[in-house]
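The values are calculated or read from the model by the stated rules, or taken from the named source; none is laboratory data. Computed from a predicted model, the values in this text were never measured in an experiment. Don't worry about glycine lacking a Cβ; one is built from the backbone with ideal geometry, like all the others, and counts go over all protein chains shown.
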Amino acid sequence: MTKRRGAWYALAFLAPILVFYSIYYLFSFGILGVVSTQRVGLTFRRAIDVGAENFFLVAQDPSFQRALVNTIAFGLFSVAVSLTLGFILAMMLASGVRIRRLFYTVFLLPSLIPMSLFATVFGRMLESRDGAINEFLRSVDLGFLAQDWLGDPAAAYVAVAIILTYAIGLPIMYYTTDVAQVNASLLESATLDGASVWQIYRIMLFPLLKSTHITVVLSVILGSFRAFDIIFFSTAGQPGGRTDIVGTYIYKATLGLDRVGYAAAASIIVLVIALAISVLQIIVRRKAQ
């Protein structure tokens, strides 16, 4: 009876904010659904109903297809980095390595500051003429490695890969937290049996953290759909939209004449894809438990 009464008290306490967010999201989704079937500009005046035309136009747009592929590709790259470099760094931090403070500073700091600020600084470093990266390469007689990072598609993808690598602080924290819950006696037994550090990491810890891997994979992939600030403030989709993701694509679409409805349709398509991934996350996590 006491627990039930406590639950009612908690619900009453949360009711105002739940109602507010329910109205906010329902209203927002309702407006998004209506606008997606219209040809209308930012003023939302003189709207013309076009039915499902916007959805067909978005689906057939090569730029949207490339942005969607980039989003998934960047997400998969982040997953690969998180499951390898992120896992190894987390194990090193958990083992008390001497230079762990340096690792914390290099990899966890980007997760503690606004990504827009981090990406803006990184974007400035990518400038071909006076950017810090090319200046450093020239200063150590490696000028031949200097690139037009924002003008060459291959170099731009490398630049995005670099910034995504430095943005794996959250997966590192996932691993660092969960590895602390592993039974220490198992590790001690393996050490007494002569297992090397690499064998403990690969054969014991990596399989034991299966649920953490699933969390990291799905959270990173979903995070790639919210990486607008990383791409917009670093490469801005350059060159020629080659590094655009769905977030930057939708933002640019809203700037066109009578393109708000088109951008709304693109948002709904992306939302459906993200929801499908979320459902997959729930199913996979339940099966893993």
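Could you tell me which of the residues F87, F44 is aromatic (F, W, Y) and surrounded by fewer than 16 Cβ atoms within 10 Å (Cβ to Cβ)? That would be F44, the only listed residue that is aromatic (F, W, Y) and surrounded by fewer than 16 Cβ atoms within 10 Å (Cβ to Cβ).
Conditions tested, residue by residue: (1) over 30 Å from G169 (Cβ atoms); (2) in a helix (DSSP H, G or I); (3) without any contact (Cβ under 8 Å) to a residue 40 or more places away in the chain; (4) over 28 Å from the mean Cα position of the chain (by Cα).
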| residue | (1), (2), (3), (4) |
| --- | --- |
| R45 | yes, no, yes, yes |
| N54 | yes, yes, no, no |
| V58 | yes, yes, no, no |
| S63 | yes, yes, no, no |
| R66 | no, yes, no, no |
| N70 | no, yes, no, no |
| F77 | no, yes, no, no |
| A80 | no, yes, yes, no |
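Residues of segment 59-82 that are surrounded by 16 or more Cβ atoms within 10 Å (Cβ to Cβ), farther than 19 Å from R242 by Cβ and among the hydrophobic types (A, V, I, L, M, F, W, C): V79, V81. The residues on offer are A167, A90, and the sole one that is at pLDDT below 85, on the phi < 0 side of the Ramachandran plot and not in a helix (DSSP H, G or I) is A167. Taking the listed residues F55, F107, the one that is touching a helix residue (DSSP H, G or I) at 6+ places or on another chain (Cβ under 9 Å), under 30 Å from A265 (Cβ atoms), surrounded by 13 or more Cβ atoms within 10 Å (Cβ to Cβ) and not acidic (D, E) is F55, with no other qualifying. With respect to (1) surrounded by fewer than 15 Cβ atoms within 10 Å (Cβ to Cβ); (2) touching a helix residue (DSSP H, G or I) at 6+ places or on another chain (Cβ under 9 Å); (3) modelled with pLDDT under 80, the lone exception for I200 is condition (1).
From the list L275, L218, L255, which residue is within 26 Å of the chain's Cα centre (by Cα), surrounded by 13 or more Cβ atoms within 10 Å (Cβ to Cβ), at pLDDT 80 or above and closer than 30 Å to I113 by Cα? First the steps, then the outcome.
Details: L275 fails: surrounded by 13 or more Cβ atoms within 10 Å (Cβ to Cβ); L255 fails: surrounded by 13 or more Cβ atoms within 10 Å (Cβ to Cβ).
The conditions single out L218.
Condition first: in a loop (DSSP other than H, G, I, E, B) and out of contact with any Ser or Thr (no Cβ under 8 Å at 6 or more places or on another chain). Now tell me which residues in segment 230-289 satisfy that.
Q238, P239, G240, R242, L255, G256, L257, D258, R259
Consider segment 233-252 and keep the residues that are under 15 Å from the mean Cα position of the chain (by Cα) and not aromatic (F, W, Y). The one that is farthest from L222 (Cα to Cα) is S234. Please work out if A12 is free of Cβ contacts under 8 Å to residues at least 40 places away in the same chain, more than 18 Å from L271 (Cβ to Cβ) and surrounded by 10 or more Cβ atoms within 10 Å (Cβ to Cβ). Considered against the rule, which asks whether it is free of Cβ contacts under 8 Å to residues at least 40 places away in the same chain, more than 18 Å from L271 (Cβ to Cβ) and surrounded by 10 or more Cβ atoms within 10 Å (Cβ to Cβ), A12 comes out as no.
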